[in-house]
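Comments concern the structure below.
The values are calculated or read from the model by the stated rules, or taken from the named source; none is laboratory data. Just so it is clear, the structure is predicted and the values come from calculations on it, not from any experiment. When we count neighbours, we look across all protein chains shown, and the Cβ atoms used for this are built from the backbone with ideal geometry, even at glycine.
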Amino acid sequence: MSYPQATTGFKLYDFRSDTVTKPTPGMVAAMAAAQVGDDVWGDDPSVNRLQAVAAERLGFEAGLFAPSGTQSNLIGLLTHCQRGDEYLVGQEAHTYRYEGGGAAVLGSIQPQPLENADDGSIPLDKLRKAVKPIDPHFARTRLLALENTIGGKVLPASYVQAATDWAHSIGLATHLDGARLCNAAVQRGLALSDMARGFDSVSICLSKGLGAPVGSLLLGSRDFITKAKRWRKMLGGGMRQAGFLAAAGLYALDHHVERLADDHRNAARLAEGLAALPGLTVTPPHTNIVFVDVDEKIATDFSSHLAKHGVLISGRDQQRWVTHLDVDADAVEATLRIAQAYFEGR
Ligand SMILES: *Cc1c(COP(=O)(O)O)cnc(C)c1O
């Protein structure tokens, strides 16, 4: 089966996000061949298989397919917390900063944001101080929500263990926003189940580095997922013949996890090449996200040079470059030549 690739014959290097990937021909073929049913009735064999495979790989009893990572995180928060509860979360965390305040707006769940340290962790002493006494003045502290990778950084394993042990020791539940947990696992050379250890629930995205067009998964205990399914329906996330999308997710889990190492290599090469250019300050990447601070004097001009030559990035003076399935090593070299040309032409 052929699939029209938007990039054919036109060199466009899109580093804005790893969400921009198009399904590969193999993925499209898997989607076209999917067995489907009505998933609201629990009848879709492809969705059921995806949920079972993901639960097994991450070491949980059950899984739930959701249309987006924002929704699977929200379902997780709604399932853990009641109205008037609070969750401890990083200032930089997606579940606090980038989800429209959904937990507060839709769940009456209070976030307690805390400053992230440079390594992406929330220091334990800050967490300890933020827990509220049981007293009618306060919201009930109920949940610790972490994120891995966070800003492309892999959380230290010793931190994850210490923080989740501490949370459980005082009766808090733990949720992991693992939108890019597969990147973290590949970077560490560990199984997904090792990366998920210590968490009562985990959300992963299939539509980022894994290259599926749509979809996320929430993993947890059987009881947790039964409750979560009710919230998914209420939020409008109950989809019918969703097996076409689940087939893409299954294909991604089988074919696109190990290759994330290529994205990490490409990000490292991109970082090395950009760091050699004047006026650019590059943070060496852990995984597939490269942050580049650009001297204010050239920021606008440099960004428009890149855009003019078909290189898309997000940000201007604080740039974010993300590598993925649709930018290979040659694309990185071509991009570095385009970036170099800007400085040679000055
Ligand atoms: C992208 C992302 C999400 C949300 O995923 P969507 O599918 O875009 O809603 C959640 N958490 C993190 C860390 C992400 O990067």
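Candidates 254, 295: the one that is loosely packed, with under 15 Cβ neighbours inside 10 Å, of a type outside the set (Val, Ile, Thr) and within 30 Å of residue 217 (Cα to Cα) is 254. One residue stands out in the stretch 8-31 among those that are among the small types (Gly, Ala, Ser) and touching a residue at least 60 places away in the same chain (Cβ under 8 Å): the one that is farthest from the ligand (Cβ to nearest atom), namely 26. Taking the stretch 135-146 on its own, how many of its residues are over 16 Å from residue 173 (Cβ atoms) and within 16 Å of the ligand (Cβ to nearest atom)? Number of matching residues: 0.
Among the strands (runs of 3 or more DSSP E) confined to the stretch 147-239, the ones with at least 1 residues that are assigned by TED's automatic domain parsing to the domain that holds residue 79, within 14 Å of the ligand (Cβ to nearest atom) and under 26 Å from residue 133 (Cα atoms) are located at 173-178, 201-205.
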